[in-house]
Amino acid sequence: MGGDLPDYYFRVRENGAVVFRVDTENRQRRIEMDQIAVVNIKNGEVKPHGDRPLSDEDVETIRVWMDGRRALLAERDMDDIHRAVDYLNLTTQWAQSRASNDQLEEITDDLLLAMHDLRSVLVRKKADRLLKG
């Protein structure tokens with residue numbers, strides 16, 4: 001079992017992760033996880049845990065994980081946006097074909113304001129891109 005486990009474990013949290021070194025090479029053959037650092041994805045900060053310095057291997061492993069995590073989160077963001085487009089289309093179909101007057105009354109103002117806000121941001125960003133390009 002020891003050969004199947006990675007050397008490091010990253011417990012994901014909202015802004016990054018807690019990093020553990022995994023050890024199975026002990027007398028009891030138990031899995032031990034020793035916390036070595038806390039990382040923040042947003043600002044790139046890596047804080048060693050306790051008084052121990054991080055080895056070059058620790059730092060490189062953490063850097064590779066952070067790069068991969070950022071890429072994964074970016075993919076998820078784009079997937080969420082594509083889903084939002086689908087939801088807008090489904091909402092349009094619902095409003096046109098199935099929504100009752102009471103249901104439309106409940107959500108119309110909120111949807112119109114959200115769509116107006118989104119449209120304003122998208123138009124401004126598109127204009128900025130056209131002016132730069």
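Any read-out appearing in this document is the output of simple, stated calculations on the displayed coordinates, not a laboratory observation. Computed from a predicted model, the values in this text were never measured in an experiment. Methodologically, a virtual Cβ is constructed for each residue, glycine included, from the backbone with ideal geometry; neighbour enumeration extends over all protein chains shown.
Descriptive notes on the structure:
- Residue pairs, from the table K42/K125; K47/K126; K47/K132, whose Cα atoms sit over 29 Å apart: K47/K126; K47/K132
- P(r) tail fraction, the stretch 2-82 - alpha-carbon pairs more than 18 Å apart, %: 48
- Taking a ≥ b ≥ c as the square roots of the eigenvalues of the alpha-carbon gyration tensor, the stretch 39-133 is classed prolate because a/c is 1.5 or more and a/b outweighs b/c.
- Residues T92, T61, T24, sorted so that the one with the fewest Cβ neighbours within 10 Å comes first: T92, T24, T61
- With neighbours defined as other Cβ atoms within 10 Å of a residue's Cβ, the residues V85, V39 order from fewest to most as V85, V39.
- Computed from Cα positions, the angle between helix 101-132 and the longest principal axis of the chain comes to roughly 70 degrees.
- If only the Cβ of Lys and Arg carry +1 and only the Cβ of Asp and Glu carry -1, the dipole of the chain around its Cα centre is close to 360 debye.
- Across the stretch 2-82, Cα pairs under 8 Å and at least six residues apart give a relative contact order of 18 percent.
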